[in-house]
Amino acid sequence: FIFLTFERTNRRLDFHFFFLGAGFLLLEMKSITTISLYFGATWLVSMLVILGVLIMVLLANFFASRLRTFSLLLYLPLIVSLGFVYFFPHSVVLSWSPYARFLYSVIVIPLPIFFAGLIFSLSFRTSEDPSLAFGSNLLGAMVGGFVEYLGMITGTKTLLLFVLVFYL
């Protein structure tokens, strides 16, 4: 619908920001389901996810303000952190105290969001058309939200593989 309402000359999409948005929102949704395993589906889960996301976005912007340029090497720690969250067994976390689960939930689970935020901030700074980049990012976020429903078919753990595909 959005592409049909634009003039033919303005039908563009910044795929870099589109996939960053899709990966980010899907990662945030996946965080909610993961933390729900540790604390149950309560208001506490929403608070933990929002707290973790805000902390990581704040830290990403802090570090982005000190870095000069974007580098593709920033994708390496993002991929490593996604791999860690994917392979680390939930049963280990469930055996921890509530305080340790809390720290894991606000530091480790949203850690990929830190690297994604760093990539977004540094890329956005050098974007030639910020409105196109931001619009593409929002459209990607919508797609990422829709992809979350695939977790009902594939399982929620598989959603991290979709996040990885979006970021790659």
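The values are calculated or read from the model by the stated rules, or taken from the named source; none is laboratory data. It should be emphasised that the depicted structure is a prediction, and the values quoted were computed from it without experimental measurement. Heads up, the Cβs are rebuilt from the backbone with ideal geometry, glycines too, and the neighbour counts pull from every protein chain shown. Protein only, heavy atoms only, side chains kept; ligands, DNA and RNA dropped before computing areas. Shrake-Rupley method; radii C 1.70, N 1.55, O 1.52, S 1.80 Å.
Within the accessible surface of the range 77-168, defined with a 1.4 Å probe on protein heavy atoms only, the carbon and sulfur portion equals 76 percent. With respect to the chain, whose longest principal axis is taken over its alpha-carbon atoms, helix 130-147 is tilted by about 40°.
Axis of helix 75-87 versus longest Cα principal axis of the chain: the two differ by about 30°, to the nearest ten degrees.
Using the 1.4 Å probe convention, the accessible area of the chain works out to 57 Å² per residue with neighbouring protein chains retained. Placing +1 on the Cβ of every Lys and Arg and -1 on the Cβ of every Asp and Glu, with nothing else charged, gives the chain a dipole about its Cα centre of roughly 180 debye. If R0 equals 25 Å, the separation of the Cβ atoms of Met152 and Ile55 corresponds to a calculated FRET efficiency of about 0.30.
What the Cα atoms of the chain give is an Rg and a Dmax of 16.6, 57 Å. The distance linking the range 32-61 with the range 101-157 is 14 Å (Cα centroid to Cα centroid, whole angstrom). Here the range 35-133 is treated as a Stokes sphere of Kirkwood radius computed over C-alpha pairs; at 20 °C and 1.002 mPa s its diffusion coefficient rounds to 146 µm²/s.
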